[in-house]
Amino acid sequence: MFNIVLVEPQIPPNTGTIGRLCVNLGATLHLVEPLGFDIDDKAVRRAGLDYWKDLDLVIWESFDAYLAVHPISKHSYMGTTKTDNLYFNAPFQKGDHILFGSETKGLDEKVLLAHPEQCITIPMGGKGRSLNLGISVGVVLYDALRQNYEGFEKITIENTLEKN
């Protein structure tokens, strides 16, 4: 449905949580190296629980390698605190790539400056400077789903019982 791209994530539980979110929404998770942890890290598995085995995961050796295949376009959005473009004004479409930078650095400022119309932000009060990466991905991804809900294969009681 969507592509979530984490560029150089540093905190294993955030990535595990985002992986679980991607499985539940039918999204592909792209991880751009270098990662701040081993993908087999116990903390990643614990946060992703038993969902990790079902994750559609793509690992890229660098941001340049990712961009060579998926250049920033009208179907790309970059989460950042360095814009006034609110995420809920973005016209998300199925298949879009939604990029987030590392917890410590964010996305490369040169890329953000080259594509200001593709930058999106989550509004925050004056006392905060950013949100947790897992929360940020969840907020944006669920709004993208809201805009494209028709045809979404939602979990029902019946198919939950079938899996157990």
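The values are calculated or read from the model by the stated rules, or taken from the named source; none is laboratory data. Fair warning: this is a prediction, and the values are worked out from it, not measured in the lab. Note that we place each Cβ from the backbone using ideal geometry, even for glycine, and neighbour counts take in every protein chain shown.
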*Name the pairs: first residue in region 21-50 and on the phi < 0 side of the Ramachandran plot and assigned to a loop (DSSP other than H, G, I, E, B), second residue of a type in the set (Phe, Trp, Tyr) and modelled with pLDDT of 70 or more, Cβ to Cβ under 9 Å, at least 6 apart or on different chains?*
Ala27/Phe2; Glu33/Trp60; Glu33/Phe63
*Hey, Ala43 over 24 Å from Ile122 (Cβ atoms), surrounded by fewer than 16 Cβ atoms within 10 Å (Cβ to Cβ), at pLDDT 90 or above and more than 14 Å from the chain's Cα centre (by Cα) or not*: no
*All positions within region 109-131 that are assigned to a loop (DSSP other than H, G, I, E, B), farther than 16 Å from Tyr87 by Cα and at pLDDT 95 or above*: none
*Here are some residues: Tyr66, Tyr142. Which one is aromatic (Phe, Trp, Tyr), touching a strand residue (DSSP E or B) at 6+ places or on another chain (Cβ under 7 Å) and either within 19 Å of Asn3 (Cβ to Cβ) or surrounded by 15 or more Cβ atoms within 10 Å (Cβ to Cβ) (or both)?*
Tyr66
*Given the conditions (1) without any contact (Cβ under 8 Å) to a residue 40 or more places away in the chain; (2) within 18 Å of Leu21 (Cβ to Cβ); (3) surrounded by fewer than 16 Cβ atoms within 10 Å (Cβ to Cβ), report the number of the one that Leu55 does not fulfil.*
(3)
*Mind telling me which of the residues Thr15, Thr83 ends up being among the β-branched types (Val, Ile, Thr), surrounded by 15 or more Cβ atoms within 10 Å (Cβ to Cβ) and either within 12 Å of the chain's Cα centre (by Cα) or more than 25 Å from Arg146 (Cα to Cα) (or both)?*
Thr15
_On the basis of being within 25 Å of Lys74 (Cα to Cα), at pLDDT 95 or above, outside any strand (DSSP E or B) and among the hydroxyl-bearing types (Ser, Thr, Tyr), does Tyr142 make the cut?_
yes
